[in-house]
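Encoded as structure tokens, the structure appears first; notes follow it.
The values are calculated or read from the model by the stated rules, or taken from the named source; none is laboratory data. Because the structure is predicted, anything quoted here is derived from the model rather than measured. Quick reminder, even Gly has a Cβ in these numbers, built from the backbone with ideal geometry, and neighbours come from all protein chains shown.
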């Protein structure tokens with residue numbers, strides 16, 4: 001097939017993909033056609049062809065922006081959600097509560113945020129999982145861009161007896177830093193009387209009152225990471241620092257969502273590889289470290305189909 005026919009075929013495919021709503025695929029065809037035109041010195045009307053394709057690409061970009069700004073796609077059916085839990089949760093735990101946490105996390109990672117919130121809300125009833133489940137709920141609200149609901153939920157927890165003051169203090173710091181990262185200046189209330197984790201005062205005649213502190217509440221000790229910065233070592237963005245927002249976190253493993261539009265970046269995330277010089281932006285500070293790629297999976301079902309979910313284990317230098 002000569003170059004003219006190849007270009008014509010690419011443009012026909014691009015037009016077809018565009019009409020079918022496959023915008024990223026259409027963009028790829030237009031870009032390939034442009035590269036083919038520019039690489040051939042003998043091709044006539046090169047400038048006219050590239051100008052025409054540039055107009056097509058501009059129109060395509062406008063359609064992509066419209067879709068990105070449109071309301072989020074509705075969640076898939078309960079049957080498909082159950083399939084997501086089955087496909088993407090790999091819990092090694094025998095404990096049923098931890099298995100349930102793993103399933104809820106799978107739903108959150110792959111876009112089924114409303115159902116994930118419901119399941120995390122159930123897990124809040126478990127004392128050992130309470131804080132991690134509550135933080136996960138707040139992350140879901142953040143992914144839904146519903147920060148007002150996150151604040152309302154936190155305020156409701158303050159009035160509930162289920163959370164201790166120590167637990168609420170952790171959630172206060174966590175949410176405050178999320179809001180700050182999003183550029184939202186809002187004062188969060190705090191529980192006034194931090195006495196729920198203290199044993200009753202024991203008074204012995206002839207001595208001062210003694211207040212005995214109760215046991216520490218179980219919680220994950222990992223720093224909460226908002227985003228990470230990775231220096232790209234190859235491709236068009238070589239030597240640039242690309243910041244990725246953390247979609248989710250459990251312990252020292254953070255989850256990134258890589259859009260199909262950025263699939264060139266997927267190549268840097270190969271399971272088992274170590275990425276050095278990662279900038280971790282935590283709720284407390286900025287620090288450097290490395291990261292082990294634990295998994296990099298293409299999402300096969302649901303509204304995020306085609307995107308990639310990448311898990312990175314934090315390694316401190």
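If we keep just the residues of the range 137-156 that are loosely packed, with under 12 Cβ neighbours inside 10 Å and under 20 Å from the mean Cα position of the chain (by Cα), which is farthest from residue 304 (Cα to Cα)?
148
Please count how many residues of the range 111-150 are in a loop (DSSP other than H, G, I, E, B), over 20 Å from residue 169 (Cβ atoms) and in contact with a helix residue (DSSP H, G or I) (Cβ under 8 Å, 6 or more places away or on another chain).
Final tally of qualifying residues: 2.
Residue-wise test of (1) touching a strand residue (DSSP E or B) at 6+ places or on another chain (Cβ under 9 Å); (2) closer than 28 Å to residue 299 by Cβ.
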position	(1), (2)
104	no, yes
107	no, yes
110	yes, yes
122	no, yes
132	yes, yes
136	yes, yes
146	no, yes
151	no, no
157	no, no
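Just to be sure before I move on: is residue 159 surrounded by fewer than 16 Cβ atoms within 10 Å (Cβ to Cβ), modelled with pLDDT under 90 and in the same structural domain as residue 246 (by TED's automatic domain parsing) in the structure I sent?
no
Is there any pair with a first residue in the range 174-191 that is at negative phi and a second that is in a loop (DSSP other than H, G, I, E, B) and modelled with pLDDT under 80 whose Cβ atoms are under 6 Å apart and which are 6 or more apart or on different chains, and what are they?
Matching pairs, first to second residue: 177/283.
Filter the range 308-317 for residues that are farther than 14 Å from residue 247 by Cβ and under 18 Å from the mean Cα position of the chain (by Cα); which is surrounded by the fewest Cβ atoms within 10 Å (Cβ to Cβ)?
Looking at residues that are farther than 14 Å from residue 247 by Cβ and under 18 Å from the mean Cα position of the chain (by Cα), I get 313.
Would you be able to say whether some residue in the range 279-289 is closer than 18 Å to residue 240 by Cα, modelled with pLDDT of 90 or more and within 17 Å of the chain's Cα centre (by Cα)?
Taking every residue of the range 279-289 in turn, at least one turns out to be closer than 18 Å to residue 240 by Cα, modelled with pLDDT of 90 or more and within 17 Å of the chain's Cα centre (by Cα).
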